[in-house]
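Enquirer: Just dropping this structure here.
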Amino acid sequence: MRLHLTAALALALGLAAAGAGADPSPLPPPPTDLGLPAAVTEAMQGIDADRISAHVRFLSDDALEGRGPGVRGGDIAAKYIASQFAQYGLKPAGDNGSYYQNVNFVGVQSLPATSFALQPASGDALPLKYQDDFVVSNQTQGETADIDAPVVFVGYGIDAPEYQWDDYKGVDVKGKVVLIIVNQPPSKDPKFFNGSTMTYYGRWMYKFEEAARKGAIGAMIIHRTDLASYPWDVVRSSWSNEQVYLADDKEPKLEAAAWIQLEVARLLFSTAGLKLDEQIALAGTRDFKAVELPLRLKAHLVSKIRKFQSPNVVAMLPGSDKGTPKQAVFYTAHYDHLGIDPNMPGDNIYNGAVDNGSGCGILLELAHAYSQMKERPPHPVYFASVTAEEKGLLGSRYLGAHPPIPAAQIALDLNYDAIPPIGVPESVNVTGAGRTSFYPTVERTAKAFRYEIEQDANPGAGHYYRSDHFSFARVGVPAFSIGAGVKFADHPKEWGKAQEDDYTANRYHRPGDEWTPQMDFASNAALARFGLALGWQALLASDTVSWQAGDEFEAARKKSLKAP
């Protein structure tokens with residue numbers, strides 16, 4: 001590592017001394033009608049937007065090179081966060097008495113020599129252009145792989161017994177390549193794939209996992225912007241970089257986990273004498289049956305393999321534990337981002353100021369607030385800044401599978417991810433909170449803060465499955481992210497929506513996501529206060545939080561509570 005911890009801290013101190021930027025907007029005082037101890041209200045009052053800004057400024061500095069996992073900048077970020085936890089007097093909660101929970105990974109970088117071609121039953125093969133027409137990763141982590149296999153269209157690629165739905169029925173895909181539509185069957189019935197709200201079945205991760213479980217050697221997901229909720233450029237930038245996998249994951253894997261452009265899929269179907277739009281419509285009905293297409297995928301995959309470690313950074317503030325059952329609260333935020341793109345001309349550092357320097361800044365400020373509090377919490381409070389979120393929630397997935405305490409002892413995980421620093425919020429997004437028994441507390445707390453709770457404006461995008469709280473949910477722990485809505489003080493909602501759209505179009509997962517002096521971190525400080533109030537109430541609750549009856553994570557919660 002060329003930049004050592006001492007140099008990194010010197011840089012951090014220098015940035016802080018240079019000023020955090022413009023003065024943040026003044027926040028209204030925290031509410032006093034929630035029945036919280038005076039020490040908690042005082043701690044909320046002390047949350048400082050300038051400190052959050054200074055953390056974000058350091059973590060998104062060019063010196064950290066985009067905080068890629070398992071490389072220099074990511075390691076510096078982890079050490080910086082651990083040093084802050086130590087400064088606050090929090091106890092290490094990682095491996096062997098340290099703040100680090102080390103995770104073993106394998107990185108797979110597809111190289112330009114990788115090729116895809118569609119071979120119809122007769123005629124010449126149709127070559128595809130890497131990154132423009134397709135992106136791919138070899139999940140089996142081999143340096144090379146050659147595929148010459150038939151293509152089977154399996155609709156949405158879902159096997160969901162609870163909905164009496166099986167796209168794989170009547171077809172054997174072992175040794176074949178499956179073609180899959182992104183998202184899930186359209187529905188307005190809340191009892192059928194949650195209506196317009198995406199379930200995990202709609203996520204690309206599930207589709208690759210299920211295809212591998214069925215024995216396929218490859219899978220191609222058809223990208224369509226309206227169904228995916230993001231354009232092809234996001235897929236290309238995310239998948240052109242190194243893909244990362246847990247080294248110790250024993251689940252089946254694909255030799256070719258790929259995405260293809262919509263127009264490529266259209267060409268593919270036309271070669272088979274079919275119309276893409278008609279096939280997508282049919283796949284959303286119970287009349288759909290998987291079909292083997294009259295063509296083969298011929299692929300040659302060349303990959304650069306890298307084995308490495310990258311840590312989750314975990315700290316704990318002990319509680320007084322006067323009551324039972326034990327019900328710790330976790331706060332989480334990922335510190336990694338996309339690193340550097342060596343093939344990009346000009347500015348090629350993905351600084352990740354908003355995504356997710358902002359969440360890390362909030363996490364550190366919450367750790368500071370709890371550590372300075374004059375009253376100890378009734379149960380332990382954990383702070384975890386996780387790695388490899390951008391690679392598929394991998395750091396938090398490992399943490400969820402290997403928590404420092406049993407999952408049954410965790411009442412709630414509150415996650416922060418990409419909070420826009422644009423002023424004083426008047427609305428919040430807590431997607432997924434309504435799935436838990438804790439939601440009445442969330443509603444009461446939002447009312448006390450005078451926040452409107454915004455409903456998910458795009459439930460079909462599956463936002464709940466796209467951030468680290470999901471890794472806790474899948475092992476049964478009630479979890480959701482705290483995010484800003486689109487209503488900000490002195491502005492109409494249209495202004496907030498315009499800011500959100502501008503960020504998504506011009507800076508999200510781009511080198512332009514940088515700290516600037518014009519950023520107003522009042523929003524981050526406000527949502528840190530909100531999260532502190534929510535976390536303390538979860539600690540005070542007479543019983544641990546549960547999922548609503550029938551929720552997809554209820555069974556995992558019950559299983560964890562029964563574990564010895």
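All of the numbers you see were taken from the coordinates with simple rules; none came from a lab. Not measured: the values here are computed from a predicted model. Note that each Cβ is placed from the backbone with ideal geometry, even for glycine, and that neighbours are counted across all protein chains shown.
Enquirer: If you place +1 on the Cβ of every Lys and Arg, -1 on the Cβ of every Asp and Glu, and leave all else neutral, what size is the dipole of the range 219-333 about its Cα centre, to the nearest 20 Debye?
Expert: Details: 15 positive and 13 negative charges, 53 e Å.
Rounded to the nearest 20 debye, it is 260 debye.
Enquirer: Continuing with this model, one more query. Positive end of the dipole of the range 108-305, charges at C-beta (+1 Lys, Arg; -1 Asp, Glu), about the Cα centre: which of Q131, I260, F288 has its Cα farthest in that direction?
Expert: Selected residue: F288.
Enquirer: So what is the calculated 222 nm ellipticity per residue for the chain, using -39500 (n - 2.57) for each DSSP H run with n of 4 or more, over all residues, to the nearest 500 deg cm²/dmol?
Expert: Per the formula, -9000 deg cm²/dmol.
Enquirer: Just one of [x] 79, 73, 44; [y] 77, 52, 51; [z] 94, 62, 50 is Cα extents along the principal axes in Å calculated from these coordinates, so which is it?
Expert: [y]
Enquirer: Straight-line reach from K214: which lysines fall under 24 Å, measuring Cα to Cα and dropping same-chain residues less than 8 apart?
Expert: Here the lysines satisfying the reach criterion relative to K214 are K169, K174, K176, K250, K253, K289, K298, K391.
Enquirer: Then there is this: When we measure straight from the Cα of K275, which aspartates and glutamates land under 20 angstrom away, once same-chain ones fewer than 8 places off are left out?
Expert: Within the straight-line cut-off, K275 pairs with D133, D167, D226, E263, D287, E292.
Enquirer: Arrange Y370, Y99 by Cβ neighbour counts within 10 Å, fewest through most, would you?
Expert: Y370, Y99
Enquirer: Per residue of the range 58-73, what does 6.51 cos²θ - 1.76 cosθ + 1.60 with θ = phi - 60° give for ³J(HN,Hα)? Whole Hz please, x for Gly and Pro, Karplus curve as stated.
Expert: Along the range 58-73, the couplings run 5, 5, 9, 5, 4, 4, 8, 6, x, 6, x, x, x, 10, 3, x Hz.
Enquirer: Tabulate in residue order the Karplus-calculated ³J(HN,Hα) for the range 23-39, using 6.51 cos²θ - 1.76 cosθ + 1.60 with θ = phi - 60°, rounded to whole Hz; enter x for Gly and Pro.
Expert: Result, rounded to whole Hz: 5, x, 4, x, 9, x, x, x, x, 10, 9, 9, x, 7, x, 4, 5.
Enquirer: Continuing with this model, one more query. In square nanometres and to one decimal, what's the mean projected area of the convex hull around the Cα atoms of the range 108-305?
Expert: The number I arrive at for the range 108-305 is 10.6 nm².
Enquirer: Can you list the aspartates and glutamates whose alpha carbon sits under 14 Å from that of K326, skipping same-chain ones fewer than 8 residues off?
Expert: D543
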